[in-house]
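A short reminder: the numbers here are calculations on the coordinates, not readings from a lab. All values reported here derive from a predicted model rather than from experimental measurement. Glycine gets a Cβ as well: all are built from the backbone with ideal geometry, and neighbour counts include every protein chain shown.
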Amino acid sequence: MNKPSEETQKILESLQRAVTAALDKKKRLGQYAVIWQDGRPVAIGEDAPASLTDDKK
């Protein structure tokens, strides 16, 4: 597999920081977030709708 270019690596790191910040903000505000886990969307957080939580496994 080819190593990403320096520019691509910088873009990826920037996106990772932005997502981390957004998830942190949602957590501090008490909001749930929807993430991709095990090939499907899963809601995380205390107020997450039961239809999207990972409890069904």
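Here are some notes:
- Sorting the segments 2-12, 28-38, 42-52 by their mean number of nearby beta carbons within 10 angstrom, highest to lowest, gives 42-52, 28-38, 2-12.
- Our summary gives the chain a relative contact order of 20 percent, counting only alpha carbon pairs under 8 angstrom and 6 or more residues apart.
- Helix 6-29 axis, angle to the chain major axis (alpha carbon atoms, nearest 10°): 20 degrees
- Alpha-carbon Debye profile of segment 6-56, log10 I(q)/I(0) at 0.13 Å⁻¹: -0.40
- In the chain, helical runs assigned H by DSSP with n ≥ 4 each contribute -39500 (n - 2.57); averaged across all residues and rounded to the nearest 500, the mean residue ellipticity at 222 nm is -15000 deg cm²/dmol.
- Model label sites at K26 and S5, defined 7 Å from Cα along the beta-carbon direction, differ in position by 3.1 nm.
- Taking other residues whose beta carbon is less than 13 angstrom from the beta carbon of A21, and scoring Lys, Arg as +1 and Asp, Glu as -1, yields +3.
- Between R17 and I44, the modelled label-to-label distance comes to 2.1 nm, taking each label 7 Å out from Cα in the direction of the beta carbon.
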